[in-house]
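Enquirer: Just passing along the structure, written as structure tokens.
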Amino acid sequence: MSTRASLSGSTAEQLPAELRELWNLVDGCSRPDPEKLMAAVRRVTDLVLRQGRIQSLLQDNMSSLRHQIKHLTFDLEATRRERDARPDPNDPDQFFR
């Protein structure tokens, strides 16, 4: 029974070199139970790929949050400038200046 498994090019590029090396070593293993080892390698591979996707999503969300914070800070500063430029309705001498 052959256990030769292939790792697609785009998937292989996303994996660390050490994991690619492990994949190739286990795939070339001639011992009686390489299926067990290959199953573990597949699980680790899926985990690494999932972690990469999650990290990418987190980085995108952090970038978006930073951008939103910049806009909110600008709006807050503009609102404060408008408030400070408005005359005080409680100041009776404001019309005599």
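Enquirer: Starting from the Cα gyration tensor of the chain, multiply each eigenvalue by 5, take the square root, and state the resulting semi-axes largest first in whole Å.
Expert: Values: eigenvalues 872, 19, 10 Å².
The answer is 66, 10, 7 Å, longest axis first.
Enquirer: What does the helix-only formula give at 222 nm for the chain: each DSSP H stretch with n ≥ 4 adding -39500 (n - 2.57), the total divided by the residues, and the result rounded to the nearest 500 deg cm²/dmol?
Expert: Numbers: 3 runs with 69 residues, N = 97.
That calculation yields -25000 deg cm²/dmol at 222 nm.
Computed from the coordinates by the stated procedures, all read-outs in this text should not be read as laboratory data. Computed from a prediction, not measured in an experiment: that's the story for all the values here.
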